[in-house]
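Chemist: There's a structure below that I have some questions on.
The values are calculated or read from the model by the stated rules, or taken from the named source; none is laboratory data. The structure displayed is predicted, hence computed values, not measured ones. Neighbour counts are summed over all protein chains in view; Cβ atoms, including those assigned to glycine, are modelled from backbone coordinates with ideal geometry.
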Amino acid sequence: MTVAFIAFCLSFISLFLIYVILVLALNLQWGQAGILNFGLVGFVALGAYTTAICMLDPSTLAHVDVGFGLPFPVAFVIAIIVTGIIAWLVSAIVRLGLEELAIISLAFAEFLHVTISNEEWLTGGTVGIYISSLLDEKLDLLGYNVAFTVILLVAALLVYYFTTKLNFSQFGRIANAIRQDEIKAKSLGIDTVSHRMKIFVIGSMIMAAAGSLYIYFGLRAVPELYPVGLTFAIWIALILGGTGNNLGAVLGMGIYMLLDMLARLYLNIPGHPEIAAGLKFVIIGLLLVILIIRRPEGILGPKRSRYG
Amino acid sequence: MDNKARVILRCENLEKSFGATRAIDGCSLEVQEATITSIIGPNGSGKTTLFNLISGFTSPDSGKIYYKDRDITELCKKSKSYTLAELGIAQSFQLARGFGEMTILESLMVAPSLASDNSLTSVFKLLLPGTKEVSRWEREKKAKEMLQELGLEKKSAEKLQDQDVGTQKLVELGQIFLLGPSIFLLDEPLAGVSRDKVPLLLNYIKGLRERGKTIVMIEHKMEPVLNISDIIYVLVNGKILVRGSPKEIREDQRVKEAYLGVSGVRTE
Amino acid sequence: MAPQVWPIINSFLLETSTLFLLATGFFLIHRTARFLNIAHGDYATLGAYLVWSFVSLVGWNVWLALVISVVVTGLFAVLIDQVSYKYLRGAPLALLLCSIGVGLVVRYVIFIAWGARFKKLAFALPNVEILGTVISGSLILALVFGGFVILLAYYLLKYTGLGTSIRAVADNPKLAESFGIDTEKTLKFAWFLSGCSAALGGVVLVLYRPLTFDMGFMWILLIIAVSILAGTKINFSLLLGACSIIVGGMELSLFFISEAYRTGIGFAILIIAILVRSALEK
């Protein structure tokens, strides 16, 4: 058991924890409130890049003009707030319908991706932004990974605690009611549009937090780290494990990452690297179709409130 | 008819057309507080449209609606139907609507939802460990009391969607009551309800009147309507044909003719 | 006509026809089956790859390959519906998610089968010269196909029994059923037509763009945009109009913004389209 191997395992766990935070956020939006958000990766990227830009000392990178050299905690808070504001604007479309929001959120993520890849002065374009952190300077490889696994574990537990409490509260009950019957909810005096917007914003802010932590960990923001595929991977994990069930969401994420790892290790046909990558997506697609048709509630089934 | 009772809901010359069809052709009606007012009429007479105009689901082409002497015509627009509930006008639906996946107990905990439950600050308060939702016990208590009132304590943990229509409609009335409205708009409350459950619903509705609530309902089943209503409006072809007490309606020739010349009253 | 204007017009006409062909099938399904088939772009890609295979690997004549591929893609669309979408009738959000899965499968099976590298369709079309300007064969073919589809759509919807069924189902499926219309059969036909037109769109696309596995998928957001902009009824002229507006907007924007944001403009128009449509509905 070499140090490098342990460090590798820990970084894998850290990545898993980030994905867990994302799937919990998505569960809040989709599992609880029934809001389709296909722009997940966009909000993650927004959190990540805002953090990077805030933390960057512009003199260290030639191709980027903007940076504020702020410490991570400040950058983290700014990233979450900025994402919240933008999520608020995007979510306004929900007034017109859930399908519209689904498409607009997808378009938003695509648009963000294009912007990030092109506006070199701000985001470093395809080269990206590299930041430095105190933790990186002070700790060795093992220490660094241990620190982050702990940080992310705490963060994931906090998010789990928070979203569960939210789901079981009256706020969550209202969201659940709106999901089941919007017209009925309105007739009981609930402002359904405003409530849905709030849930969308809260979920997106959590996604941004995950992105922010991710970049603090990886110290590198590049567009290719935020592909559209990430959105759908989280979706599948949620549907697999149990829509509307936080524990199921975590379970689903675990199974998904396991499958991903197995695919990487065993689906390799020598000489044809693209087959492994392609096959992985084919299996993901098939899983999604089969789950939606046969068991849309996932492995664990919904647990949206304390009353069953 | 008690002339001193306050008129709580008043519609003046409502008109509504869908394309070339005149669905409502100049309807005016008055509803007195703490009464049961029913709107009946043959199929296609426009009952549902009139109902939707009052409940805010559709907006009238012309005419006015007054609630407690306040002009609410502007508020009766589709997207703002939740404000009507806040004002005190609540409705039930012909096809029992509700939160099927929830247990009966929980579905009674949805309303009333105060603005404070909805706000972002309440969300952030949840982040603090140990904060229990103060109002949850209150809410659960009220829901349990309602369950008892409806006679459904044994079913509290059952899902709403597993119940028969009669029970669902009963729960719906309970939900609305917890909202605390002054007016209950009931759209065919007895539709789809099995015979044995009809008296339960009717008793509950009568009980609402005793508590000072105002009921406005559309209904097809004539006998129950004649039995419990204080005032009946007969709607034919988008116009009010006649208004009167059950006795007057029962004896009115025009009403009998309107129902396609069926002699005597159609019982269901 | 000044020589500098022609390339812009050429590009505009070509893009509009392509978008129209790609969007027609999607639009049809959106109106009749009531959901957004995210996999539609991938059907188009499939059609194009089939043509390429028949021509380059089997050696068929291009036109024969075209006809066969169009039919095969149409049947394929019906097949997909029967094994998946059929079970989700009436649940638009579930269908949307399902179509994402279907799209992934189709796209990456293509990726595995045909590889990641670009391919070129060896399809030489004669250019035509009118009044001193050279009109490319590609443009002519695109316009011919586009014209064919819209005329076919018009004729179909107005004069055939199938067209009436489609219109009825699009308007109100339950009502159509009560009139004795077999909605399942109508939907099958709609899917067949959807797949066929997707293949046509894919072929036209490949005339001026490289053939890659995600070629069609890249267009899906634009396809959704025009479908939404085109209103609520089955009206293919409105669809064509929507295509022109969006393509026109994108071409105009090139004067101000860099190439990369072109699709971004498309999305901006999508948002405006949605807002305008909802304002008009009030």
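Chemist: Answer with yes or no whether A:THR163 is within 11 Å of chain B (Cβ to nearest Cβ), closer than 18 Å to A:LEU40 by Cβ and among the hydroxyl-bearing types (Ser, Thr, Tyr). If you could, list the steps in order and put the result at the bottom.
Modeler: Values: within 11 Å of chain B (Cβ to nearest Cβ): yes; closer than 18 Å to A:LEU40 by Cβ: yes; among the hydroxyl-bearing types (Ser, Thr, Tyr): yes.
For A:THR163, the condition - within 11 Å of chain B (Cβ to nearest Cβ), closer than 18 Å to A:LEU40 by Cβ and among the hydroxyl-bearing types (Ser, Thr, Tyr) - is met.
Chemist: Can you say whether A:LEU265 is in a helix (DSSP H, G or I) and closer than 30 Å to B:MET109 by Cα, as far as the supplied structure shows?
Modeler: Details: in a helix (DSSP H, G or I): yes; closer than 30 Å to B:MET109 by Cα: no.
Spelling it out, it is not the case that A:LEU265 is in a helix (DSSP H, G or I) and closer than 30 Å to B:MET109 by Cα.
Chemist: Looking only at the stretch A:111-125, count every residue that is within 21 Å of the chain's Cα centre (by Cα) and within 10 Å of A:PRO223 (Cα to Cα) and tell me the total. Reasoning before the result, please.
Modeler: Filtering the stretch A:111-125 for residues within 21 Å of the chain's Cα centre (by Cα) gives A:111-117, A:123.
Now drop any that are not within 10 Å of A:PRO223 (Cα to Cα), which leaves A:112-117, A:123.
Total satisfying the criteria: 7.
Chemist: Do you know which of the residues in the stretch C:248-270 that are of a type in the set (A, V, I, L, M, F, W, C) and in contact with an Asp or Glu (Cβ under 9 Å, 6 or more places away or on another chain) is farthest from A:PHE108 (Cα to Cα)?
Modeler: Out of the qualifying residues, it is C:MET250.
Chemist: I've got another one for you. Can we say B:SER81 is at pLDDT below 90, surrounded by fewer than 16 Cβ atoms within 10 Å (Cβ to Cβ) and hydroxyl-bearing (Ser, Thr, Tyr)? Outline the logic, then answer.
Modeler: Details: at pLDDT below 90: yes; surrounded by fewer than 16 Cβ atoms within 10 Å (Cβ to Cβ): no; hydroxyl-bearing (Ser, Thr, Tyr): yes.
Spelling it out, it is not the case that B:SER81 is at pLDDT below 90, surrounded by fewer than 16 Cβ atoms within 10 Å (Cβ to Cβ) and hydroxyl-bearing (Ser, Thr, Tyr).
Chemist: Among the residues of the stretch A:65-87 satisfying the criterion of being in contact with a helix residue (DSSP H, G or I) (Cβ under 6 Å, 6 or more places away or on another chain) and outside any helix (DSSP H, G or I), which is farthest from the other protein chains (Cβ to nearest Cβ)? Write out each step before concluding.
Modeler: Of the stretch A:65-87, the ones in contact with a helix residue (DSSP H, G or I) (Cβ under 6 Å, 6 or more places away or on another chain) are A:65-68, A:70, A:72, A:75-76, A:78-80, A:82-84, A:87.
Of the ones still in play, those that are also outside any helix (DSSP H, G or I) are A:65-68, A:70.
Working: A:ASP65: 17, A:VAL66: 19, A:GLY67: 23, A:PHE68: 26, A:LEU70: 23 Å.
Per the criteria, the residue is A:PHE68.
Chemist: While we're on this one: Six or more apart or on different chains, Cβ under 6 Å: which pairs go from a residue in the stretch A:88-111 that's more than 8 Å from every other protein chain (Cβ to nearest Cβ) to one that's aromatic (Phe, Trp, Tyr)? Could you list them?
Modeler: A:VAL90/A:PHE108; A:SER91/A:PHE200; A:SER105/A:PHE38
Chemist: While we're on this one: Does the stretch A:241-274 hold any residues that are over 22 Å from A:ARG306 (Cα atoms) and surrounded by 14 or more Cβ atoms within 10 Å (Cβ to Cβ), and which are they?
Modeler: To start, the set of residues in the stretch A:241-274 that are over 22 Å from A:ARG306 (Cα atoms) comprises A:253-274.
The answer is A:MET253, A:GLY254, A:ILE255, A:TYR256, A:MET257, A:LEU259, A:ASP260, A:ALA263, A:LEU267, A:ASN268, A:GLU274.
Chemist: In the stretch B:8-46, what residues are small (Gly, Ala, Ser), assigned to a strand (DSSP E or B) and within 24 Å of B:ARG211 (Cβ to Cβ)?
Modeler: Looking only at the stretch B:8-46, we keep the residues that are small (Gly, Ala, Ser), and these are B:17, B:19-20, B:23, B:26, B:28, B:34, B:38, B:41, B:44-46.
Restricting the remaining residues to those that are assigned to a strand (DSSP E or B) gives B:17, B:23, B:26, B:28, B:38.
Answer for the stretch B:8-46, where residues must be small (Gly, Ala, Ser), assigned to a strand (DSSP E or B) and within 24 Å of B:ARG211 (Cβ to Cβ): just B:SER38.
Chemist: So which of A:GLU137, A:GLU182 is over 27 Å from A:THR50 (Cβ atoms) and either surrounded by fewer than 21 Cβ atoms within 10 Å (Cβ to Cβ) or under 17 Å from the mean Cα position of the chain (by Cα) (or both)? Reasoning before the result, please.
Modeler: Numbers: A:GLU137 fails: over 27 Å from A:THR50 (Cβ atoms).
The unique qualifying residue is A:GLU182.
Chemist: Next up: Here are some conditions: (1) within 20 Å of A:ILE283 (Cβ to Cβ); (2) modelled with pLDDT under 90. A:LEU251 meets all but one. Which one does it not meet?
Modeler: (2)
Chemist: Out of (1) modelled with pLDDT under 90; (2) buried (at least 17 other Cβ atoms within 10 Å of the Cβ), what's the single condition that is false for A:ARG95?
Modeler: A:ARG95 satisfies every listed condition except (2).
Chemist: May I pose another question? Out of all the residues in the stretch A:211-230, is one or more within 14 Å of chain B (Cβ to nearest Cβ) and of a type in the set (A, V, I, L, M, F, W, C)? I'd like the intermediate steps shown before the answer.
Modeler: Applying the first criterion (within 14 Å of chain B (Cβ to nearest Cβ)) to the stretch A:211-230 yields none.
No, the stretch A:211-230 contains no residue that is within 14 Å of chain B (Cβ to nearest Cβ) and of a type in the set (A, V, I, L, M, F, W, C).
Chemist: Applying the selection to the stretch C:164-183, what residues are assigned to a helix (DSSP H, G or I), farther than 9 Å from C:THR32 by Cα and of a type in the set (Val, Ile, Thr)? Spell out how you get there, then give the answer.
Modeler: Looking only at the stretch C:164-183, we keep the residues that are assigned to a helix (DSSP H, G or I), and these are C:164-171, C:173-178, C:183.
After this cut, where a residue has to be farther than 9 Å from C:THR32 by Cα as well, the list is C:164-165, C:174-178, C:183.
Answer for the stretch C:164-183, where residues must be assigned to a helix (DSSP H, G or I), farther than 9 Å from C:THR32 by Cα and of a type in the set (Val, Ile, Thr): C:THR164, C:THR183.
Chemist: Quick one: A:GLY47 ticks every box in (1) in contact (Cβ under 8 Å) with a residue 12 or more places away in the chain; (2) surrounded by fewer than 23 Cβ atoms within 10 Å (Cβ to Cβ); (3) of a type outside the set (Lys, Arg) except a single one, so which number is it?
Modeler: Of the numbered conditions (1) in contact (Cβ under 8 Å) with a residue 12 or more places away in the chain; (2) surrounded by fewer than 23 Cβ atoms within 10 Å (Cβ to Cβ); (3) of a type outside the set (Lys, Arg), the odd one out for A:GLY47 is (2).
Chemist: To continue, here is another question. So, of the residues in the stretch C:201-219 that are within 12 Å of chain A (Cβ to nearest Cβ) and in a loop (DSSP other than H, G, I, E, B), which turns out to be surrounded by the most Cβ atoms within 10 Å (Cβ to Cβ)?
Modeler: That would be C:PHE213.
Chemist: Please go through the stretch C:228-275 and pick out each residue that is among the aliphatic types (A, V, I, L, M), touching a residue at least 40 places away in the same chain (Cβ under 8 Å) and within 11 Å of chain A (Cβ to nearest Cβ).
Modeler: Matches in the stretch C:228-275: C:ILE228, C:ILE269, C:LEU270, C:ALA273, C:ILE274.
Chemist: Which of the residues spanning the stretch C:1-53 are within 16 Å of the chain's Cα centre (by Cα), within 25 Å of C:SER136 (Cβ to Cβ) and of a type in the set (Ser, Thr, Tyr)?
Modeler: Within the stretch C:1-53, C:THR16, C:SER17, C:THR18, C:THR24, C:THR45, C:TYR49 qualify.
Chemist: A further question on this structure: Which of the following residues is buried (at least 23 other Cβ atoms within 10 Å of the Cβ), free of Cβ contacts under 8 Å to residues at least 60 places away in the same chain and under 15 Å from C:PHE27 (Cα atoms): C:ALA225, C:ALA198, C:ALA190? Spell out the reasoning first.
Modeler: Details: C:ALA198 fails: free of Cβ contacts under 8 Å to residues at least 60 places away in the same chain; C:ALA190 fails: free of Cβ contacts under 8 Å to residues at least 60 places away in the same chain.
From the options C:ALA225, C:ALA198, C:ALA190, the qualifying one is C:ALA225.
Chemist: Restricting to the stretch B:222-237, give me the number of residues that are on the phi < 0 side of the Ramachandran plot, in contact with a Lys or Arg (Cβ under 9 Å, 6 or more places away or on another chain) and not acidic (Asp, Glu).
Modeler: Within the stretch B:222-237, the subset on the phi < 0 side of the Ramachandran plot is B:222-236.
Now drop any that are not in contact with a Lys or Arg (Cβ under 9 Å, 6 or more places away or on another chain), which leaves B:222-223, B:226, B:228, B:230-236.
Adding the requirement that they be not acidic (Asp, Glu) leaves B:222, B:226, B:228, B:231-236.
Selection size over the stretch B:222-237: 9.
Chemist: Of the residues C:ILE29, C:ILE68, C:ILE38, which is hydrophobic (A, V, I, L, M, F, W, C) and free of Cβ contacts under 8 Å to residues at least 60 places away in the same chain? Step through it out loud before you land on a result.
Modeler: On the way: C:ILE29 fails: free of Cβ contacts under 8 Å to residues at least 60 places away in the same chain; C:ILE38 fails: free of Cβ contacts under 8 Å to residues at least 60 places away in the same chain.
Result: C:ILE68 is the single residue among C:ILE29, C:ILE68, C:ILE38 that is hydrophobic (A, V, I, L, M, F, W, C) and free of Cβ contacts under 8 Å to residues at least 60 places away in the same chain.
Chemist: Then there is this: Checking B:PHE93 against (1) out of contact with any Pro (no Cβ under 6 Å at 6 or more places or on another chain); (2) outside any loop (DSSP other than H, G, I, E, B); (3) over 23 Å from C:ALA279 (Cα atoms): exactly one of these is not met. Which one?
Modeler: For B:PHE93, the failing item is (2).
Chemist: Which of (1) surrounded by fewer than 19 Cβ atoms within 10 Å (Cβ to Cβ); (2) modelled with pLDDT under 85 does A:VAL64 not meet, given it meets every other one?
Modeler: (1)
Chemist: Here's another thing I want to ask about it. Got a number for residues in the stretch A:267-308 being within 13 Å of chain C (Cβ to nearest Cβ) and touching a residue at least 24 places away in the same chain (Cβ under 8 Å)?
Modeler: Number satisfying all stated conditions: 10.
Chemist: So which pairs qualify, if the first residue must be in the stretch A:174-193 and more than 7 Å from chain B (Cβ to nearest Cβ) and under 14 Å from B:PHE57 (Cα atoms), the second must be buried (at least 23 other Cβ atoms within 10 Å of the Cβ) and not hydroxyl-bearing (Ser, Thr, Tyr), the Cβ gap must be under 7 Å, and the two must be at least 6 apart or on different chains?
Modeler: A:ALA185/A:ALA177; A:ALA185/A:ILE178
Chemist: Considering the stretch A:125-150 alone, what residues qualify as being of a type in the set (A, V, I, L, M, F, W, C) and out of contact with any helix residue (DSSP H, G or I) (no Cβ under 7 Å at 6 or more places or on another chain)? Reasoning before the result, please.
Modeler: First, pick out the residues of the stretch A:125-150 that are of a type in the set (A, V, I, L, M, F, W, C): A:127, A:129, A:131, A:134-135, A:139, A:141-142, A:146-148, A:150.
Within the stretch A:125-150, A:VAL127, A:LEU134, A:VAL150 qualify.
Chemist: Can you work out which of the residues in the stretch B:159-212 that are free of Cβ contacts under 8 Å to residues at least 24 places away in the same chain and farther than 30 Å from B:ARG6 by Cα is farthest from the other protein chains (Cβ to nearest Cβ)? Talk me through it step by step, then tell me what you get.
Modeler: Start the filter on the stretch B:159-212 by keeping residues that are free of Cβ contacts under 8 Å to residues at least 24 places away in the same chain, which leaves B:162, B:195, B:199, B:203, B:207, B:210-211.
Retained after the next criterion (residues that are farther than 30 Å from B:ARG6 by Cα): B:162, B:195.
Values: B:ASP162: 12, B:ARG195: 26 Å.
Residue satisfying both the conditions and the ranking: B:ARG195.
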